[in-house]
Structure formats: structure tokens, C-alpha cells
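Worksheet for the structure shown next.
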Amino acid sequence: MQSSLDCLPCLLKQTLEAARLCDTPNSKQDVLLRKVMLLLTEQDLKYPPPALAQRVHRLMRETLNEADPYARIKERFNRMAVKVFPLLQKRVRESANPFEEALYLAIIGNVIDLGVFHHITPEDVEAIVSLASTHDFHGNPKALWADVQKAKRILYLADNAGEIAFDRLLIEQLPMERVTLAVRGAPVLNDATLEDARAVGLTDLVEVIDNGSDAPGTFLEDCSPAFRARYAEADLVLAKGQGNYECLSGSDTNIYFLFKVKCPLIAVHSGLPQGSHALLHHNHRRNS
């Protein structure tokens with residue numbers, strides 16, 4: 001998926017948000033914003049939005065001299081997720097269809113996205129989970145379940161810290177000996193890294209690898225050769241979040257995208273209403 005002119009003001013908002021998270025003085029915010037605006041004038045929009053965001057966040061970290069501007073808030077969301085996890089686990093266990101319940105909760109968890117919702121609180125997340133219903137769900141869980149039964153190598157692409165605990169609910173419903181979880185190779189936004197997977201107990205359940213990249217999405221061109229090999233070997237990929245959708249929606253693989261449609265551009269591209277919860281299946285290899 002290519003970037004759009006509408007992505008540029010969104011990236012500027014992310015820049016200011018990160019600067020303010022670090023208590024950056026106004027004078028330095030001004031310098032940073034001007035640097036980012038100049039950088040954006042040089043970008044080719046043929047690349048997916050996470051590729052542009054990667055360059056913006058690298059410049060931002062360098063200018064602010066902050067290795068991870070989102071570190072404190074990621075820790076807070078992980079603590080919140082670990083706190084509510086037993087209640088969510090109970091909800092899955094008591095469901096008439098634990099797999100579908102876990103799937104739906106994993107998609108709901110995609111609301112924990114500071115790239116789009118800058119001021120979301122743990123209380124907001126708890127309210128969303130408790131009030132959520134399936135009326136805005138789009139997809140075919142039974143088709144995914146059938147593919148899970150056949151798959152020998154399942155690659156699960158994580159998205160955000162905090163949200164990764166919701167992913168654990170779904171991973172526990174999968175044949176875990178066949179699952180590999182992939183996280184980002186370095187901090188960017190509030191995306192999940194190995195530290196976040198460890199914080200919610202996933203490193204004790206499945207193999208966890210990183211993709212070697214600091215893009216807020218699986219931008220294959222920037223991922224490590226080892227990760228690209230694992231991606232090519234997988235016969236089923238589960239990809240969380242808009243960033244993964246933006247990068248991989250044209251991928252020649254058997255892939256299911258699990259995310260909340262948060263952006264008007266994604267709504268147009270996916271054909272789904274903004275605000276809906278999506279399970280989209282792309283299988284270009286099978287359909288070609």
C-alpha cells in the first residue's frame with residue numbers, strides 16, 4: 001500500500017506527541033518539527049506509510065537524544081494488560097467458542113495504538129473491551145480456524161505493547177508448538193519488542209523472534225534476512241495492526257490481517273467502515 005498526502009500531517013502529529021512525552025522544551029520542539037517537515041518534502045510516497053514513519057522516528061530519536069520516547073507509556077500499558085489478562089482469559093475460557101472469542105479480543109486490543117489515538121488511557125481500553133460487541137466485526141473466523149488446523153508453520157506478527165497481551169489470548173488457542181511470534185527489532189512508537197513479549201509471558205509459551213527492523217510495520221525490504229526467510233517459510237501468517245496491513249496487503253502469502261480500521265485511508269483501501277474490527281484474508285498465491 002502506498003502512502004498518501006494525508007499521511008504527512010499524521011506524521012507531524014506523531015512528532016509533536018513524542019516530543020511532548022519527553023517533556024521537550026518548546027524551542028527544541030520547533031527545531032524538531034522543522035527538521036521533520038523538511039524530511040517529509042524529500043520522501044517518495046510510493047512506499048508504505050510505515051516506511052515514512054520509520055525515517056521520521058529515526059530523526060526524532062536522534063534530535064531528542066531519546067532511544068525510546070515511548071518507553072514509560074509502553075511499560076504502563078503492559079502493566080495494565082497483565083492486570084486485566086486473567087479476566088480476559090476467564091472470558092475466553094467460559095465462551096461457547098473460545099477460539100472466536102480470543103480472536104475477537106485480540107482484534108479489539110488493536111485499539112492500543114499511540115500512532116493514531118494519542119491520548120488513550122488504560123481506563124479507555126478497559127471500557128472498550130467491556131462494551132465491545134460483535135456487530136462491527138468483519139471476517140470469517142471459521143476460515144481462519146480451518147487454515148490453522150492445516151498450517152505447519154504459523155508466523156504471528158505482533159503490533160503494539162500492551163496489545164501483545166491480547167495477542168497471547170489468541171496464541172493460547174493455536175497449536176503453540178507450530179507458532180512463532182515476531183516483534184520489532186528496535187523501539188519505534190509503542191510497537192512491541194522482545195522486552196514487551198517477555199513482560200506479558202509470551203517468551204515462555206512460544207518462540208519469539210525480532211524482525212531486525214525499526215519500522216512500525218513489517219516492511220520486508222528493511223527486515224533482516226533471517227526474518228525474511230522465516231516469513232517465506234510460513235504457510236500461515238497472522239498480522240496484527242494497520243502498519244502490517246499497510247506493508248503486507250499486497251504480499252504473495254497466505255495472510256490474515258487482524259486490526260481496527262482507524263484511518264479513512266485504510267477504510268477506503270480495505271473497503272470496510274472506519275471504526276470496524278477486521279479479519280481480512282489475502283491469499284494471492286492460492287488465488288493466482
_Sequence-distant residues sharing a close amide H with Asn160 (under 5 Å, placed H)_ = Ala192
_Let me cross-check Arg55: its accessible surface, 1.4 Å probe, with only protein heavy atoms counted, in Å² to the nearest 10?_
70 Å²
_Of the GluC sites (Glu not before Pro) in the range 1-106, those whose Cβ has at most 12 other Cβ within 10 Å and which sit in DSSP loop_ = Glu42, Glu94
*Collect residues whose amide H, placed 1.01 Å from N in the peptide plane, falls under 5 Å from the amide H of Glu207; neighbours closer than 5 in sequence don't count.*
Leu181
_Whole-Hz couplings from phi, Karplus 6.51/-1.76/1.60, listed for the range 51-58; x for Gly and Pro_ = 5, 5, 4, 4, 5, 5, 6, 4
*asked:* Counting only helical runs of four or more DSSP H residues, what would the 222 nm mean residue ellipticity of the chain come to if each run contributes -39,500 (n - 2.57) and the total is spread over all its residues?
replied: -15000 deg cm²/dmol
*May I ask what percent, to the nearest 5, of DSSP beta bridges between residues of the chain are antiparallel?*
30 percent
*asked:* Can you compute 3J(HN,Hα) from phi for each residue in the range 13-18, using the Karplus curve 6.51 cos²θ - 1.76 cosθ + 1.60 with θ = phi - 60°, rounded to whole Hz and x for Gly and Pro?
replied: 4, 4, 4, 5, 4, 5
*What percentage of the solvent-accessible surface of the chain, computed with a 1.4 Å probe over protein heavy atoms, is contributed by carbon and sulfur atoms?*
53 percent
_About the Cα centre, charge dipole magnitude for the chain (Lys/Arg +1, Asp/Glu -1 at Cβ), debye_ = 180 debye
*asked:* Taking every DSSP beta bridge with both residues inside the range 136-214, roughly what % is antiparallel (nearest 5)?
replied: 10 percent
_Ranking request for peptides 146-152, 174-180: highest mean number of other beta-carbon atoms within 10 Å first, then the rest in descending order._
174-180, 146-152
_Which log10 I(q)/I(0) values does the range 186-288 give at q = 0.09, 0.18, 0.25 Å⁻¹ under the Debye formula, counting every alpha carbon as one identical point scatterer?_
-0.24, -0.98, -1.44
*Expressed in whole Å with the largest first, what are the equivalent ellipsoid semi-axes of the chain derived from the C-alpha gyration tensor as the square root of 5 times each eigenvalue?*
29, 21, 18
*Cα-based convex hull, the range 137-249, per residue volume (Å³, whole number)*: 101 Å³
_Length released on extending from Lys90 to Glu195, taking residue separation times 0.36 nm less the Cα-Cα span_ = 35.3 nm
*Rounded to whole Hz and in sequence order, give me ³J(HN,Hα) for the range 183-189 from the Karplus expression 6.51 cos²θ - 1.76 cosθ + 1.60, θ = phi - 60°, writing x for Gly and Pro.*
10, 5, x, 7, x, 7, 6
*Anyone know which of Ala51, Ala71, Ala192 comes out most mobile in the 10 Å Cα GNM of the chain?*
Ala71
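The values are calculated or read from the model by the stated rules, or taken from the named source; none is laboratory data. Quick caveat, the model's predicted, so the values are computed rather than measured. Neighbour counts run over all protein chains shown; Cβ positions are idealised from the backbone, glycine included. To get the accessible areas, we keep the full protein, side chains included, count just its heavy atoms, and leave off ligands, DNA and RNA. Shrake-Rupley method; radii C 1.70, N 1.55, O 1.52, S 1.80 Å.
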